[in-house]
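The values are calculated or read from the model by the stated rules, or taken from the named source; none is laboratory data. Being a predicted model, the structure only gives us computed values, none of them experimental. Cβ placement follows ideal geometry from the backbone for every residue including glycine, while neighbour counts extend to all protein chains displayed.
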Amino acid sequence: MGRIVVTRDGAAAGRLEVQLLDAGHQVAHMPLTEQRVLEDDAELRRGLVALREGRYEVLLLTSANTVRALCRAGWDGAADPTTRVVVTGAGTALALEDLTGLTETWSPKAEASAAGILRELPPPRTSARALLPQSLQARSDLASGLTDQGWSVDHVPAYRTVARCGPEAARLSPDRRLIPDDGAALRPEDLRAEDVVLITSSTAAEVWAGIGDARLRPHRVLAIGAPTAATLEALGEAADAVLPNPTAHGVREALAG
């Protein structure tokens, strides 16, 4: 088998990559998207002020990039002690600890995703406020699901996601990247037929489907999470397997299936 190629920036590598390396796999990164600071982050900054003042019962952090965006906007982890900090999984929790020192978090046990949060987060006893900062392109499923459960949700943009491949990417200003470019990433044309590609998000899936002429079909394509798999299937690029959670064990099971 060839490399395990993860479609995110190497600087955003987390526990998944460590587990894969420990299991003896060769790991490479081929980011298909990049995350960029908003031109106007006034709404996000207002949310952070309200967070510090204790106006939210819950802060929901659904990705490490969200944590990076909040810190780029001036957040140092400050929140009222009564505010519950919800994270989708280990990668988000690790970024939160590294960047702010916060370790007291809640996360779903069965599935590290928005769906997992909706299934496992206890509903509020009375109308309570939740701050949900996400990508400008994030789906509304989590916000609407929380609203249906009785939360008053402030769903605010924290950053935007853009394609890393194609002519538009070349015109983007590098100083607005959430993660600086280290120049070590693979390009789609660098793929080998024996590689296994892990598609990490729906936005990455959209770019992957759009560059069919610029890449080889790898040995296997694995989708992390049901939403990513659904996006691939809708675009005619169905994944060979779906990982409910991003773990090396899940990768091994998918490859063995």
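Could you check GLY74 against (1) outside any helix (DSSP H, G or I); (2) crowded, with 22+ Cβ neighbours inside 10 Å; (3) not assigned by TED's automatic domain parsing to the domain that holds ARG252 and say which number it fails?
(2)
Listed here are the residues, each with its yes/no results for (1) within 30 Å of GLU39 (Cα to Cα); (2) within 14 Å of the chain's Cα centre (by Cα); (3) among the acidic types (Asp, Glu); (4) modelled with pLDDT under 90.
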{"site": "LEU178", "(1), (2), (3), (4)": "yes, yes, no, yes"}
{"site": "PRO188", "(1), (2), (3), (4)": "yes, no, no, yes"}
{"site": "LEU191", "(1), (2), (3), (4)": "no, no, no, no"}
{"site": "THR200", "(1), (2), (3), (4)": "yes, yes, no, no"}
{"site": "ILE211", "(1), (2), (3), (4)": "yes, no, no, yes"}
{"site": "ARG215", "(1), (2), (3), (4)": "no, no, no, yes"}
{"site": "PRO218", "(1), (2), (3), (4)": "no, no, no, yes"}
{"site": "VAL242", "(1), (2), (3), (4)": "no, no, no, no"}
{"site": "ALA254", "(1), (2), (3), (4)": "no, no, no, yes"}
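Filter segment 87-116 down to the residues that are without any contact (Cβ under 8 Å) to a residue 60 or more places away in the chain, among the hydrophobic types (A, V, I, L, M, F, W, C) and crowded, with 22+ Cβ neighbours inside 10 Å and list them by number.
Passing the criteria: VAL87, ALA93, LEU96.
Please find, among SER140, SER135, SER63, the residue that is touching a residue at least 12 places away in the same chain (Cβ under 8 Å), among the hydroxyl-bearing types (Ser, Thr, Tyr) and surrounded by fewer than 20 Cβ atoms within 10 Å (Cβ to Cβ).
Just one listed residue meets the conditions, SER140.
Just need a number here: residues in segment 197-224 that are in contact (Cβ under 8 Å) with a residue 40 or more places away in the chain, more than 22 Å from GLY257 (Cα to Cα) and hydrophobic (A, V, I, L, M, F, W, C).
5
Within segment 146-157, is even one residue without any contact (Cβ under 8 Å) to a residue 12 or more places away in the chain, more than 23 Å from ARG52 (Cα to Cα) and of a type outside the set (A, V, I, L, M)?
Within segment 146-157, one or more residues are without any contact (Cβ under 8 Å) to a residue 12 or more places away in the chain, more than 23 Å from ARG52 (Cα to Cα) and of a type outside the set (A, V, I, L, M).
Report yes if some residue within segment 84-92 is more than 24 Å from PRO227 (Cα to Cα) and modelled with pLDDT under 95; otherwise report no. Show your work before the answer.
Restricting attention to segment 84-92, the residues satisfying the condition of being more than 24 Å from PRO227 (Cα to Cα) are 84.
From what is left, the residues that are modelled with pLDDT under 95 are none.
No, every residue in segment 84-92 fails to be more than 24 Å from PRO227 (Cα to Cα) and modelled with pLDDT under 95.
List pairs: first in segment 29-57 and small (Gly, Ala, Ser), second exposed (fewer than 15 other Cβ atoms within 10 Å of the Cβ) and not in a helix (DSSP H, G or I), Cβ under 9 Å, 6+ apart or cross-chain?
Close Cβ pairs (under 9 Å, with a partner that is exposed (fewer than 15 other Cβ atoms within 10 Å of the Cβ) and not in a helix (DSSP H, G or I)) amount to GLY54/ASP80; GLY54/PRO81; GLY54/THR82.
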